[in-house]
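In what follows, a single structure is set out as structure tokens and then discussed.
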Amino acid sequence: MNKATPGVRRPERSEEELQAMFERLKESRLKYVKVTITVDGVHGNRQYTGIVTGLDPRLYLVKMQVGHDWMLFEFTDMIEVEYAV
């Protein structure tokens, strides 16, 4: 999992922005739509494109298939979720 950069504050997001991000993640999982997730990481922001294969709202975890591999992200580390072009 990605850990946030110490001392770096993430931008404040409204409840509407968080809800919109979660809806895009949900749509990716249900309809196999590719999304690009921007994640706050130790070495700066990184982007990953793939299909969400699992959501755990209780633990704030997102599982994403990226190519033939999968990755696990913490929702709190996500800066942006966009539909992939």
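Any idea which residue in segment 48-63 is most open to solvent (accessible area, probe 1.4 Å), counting only those that are in contact with a Ser or Thr (Cβ under 8 Å, 6 or more places away or on another chain) and of a type outside the set (Ser, Thr, Tyr)?
Going residue by residue through segment 48-63, those that are in contact with a Ser or Thr (Cβ under 8 Å, 6 or more places away or on another chain) are 48-49, 51-52, 60, 63.
Okay, now just the ones that are also of a type outside the set (Ser, Thr, Tyr), so 51-52, 63.
Details: ILE51: 40, VAL52: 2, LYS63: 76 Å².
For segment 48-63, the residue satisfying everything is LYS63.
Can you name every residue in segment 64-79 that is within 18 Å of ASN45 (Cα to Cα) and surrounded by 15 or more Cβ atoms within 10 Å (Cβ to Cβ)?
Matches in segment 64-79: MET64, MET71, PHE73, GLU74, PHE75, ASP77, MET78, ILE79.
What number of residues within segment 26-57 satisfy the criterion of being among the basic types (Lys, Arg), closer than 20 Å to ARG13 by Cβ and not in a strand (DSSP E or B)?
Final tally of qualifying residues: 1.
Hey, among the residues in segment 32-47 that are under 24 Å from GLU16 (Cβ atoms) and without any contact (Cβ under 8 Å) to a residue 40 or more places away in the chain, which one's surrounded by the most Cβ atoms within 10 Å (Cβ to Cβ)?
Residue satisfying both the conditions and the ranking: ASP40.
Being open to solvent by 40 Å² or more (accessible area, probe 1.4 Å) and at pLDDT 80 or above is the requirement here; does GLU12 meet it?
It is false that GLU12 is open to solvent by 40 Å² or more (accessible area, probe 1.4 Å) and at pLDDT 80 or above.
The values are calculated or read from the model by the stated rules, or taken from the named source; none is laboratory data. Quick caveat: nothing in here was measured; it's all calculated off a predicted structure. Here the Cβ is made from the backbone with ideal geometry for all residues, glycine too, and neighbour counts use every protein chain on show. These area figures cover heavy atoms from the full protein model, side chains too; ligands, DNA and RNA do not enter into them. Shrake-Rupley method; radii C 1.70, N 1.55, O 1.52, S 1.80 Å.
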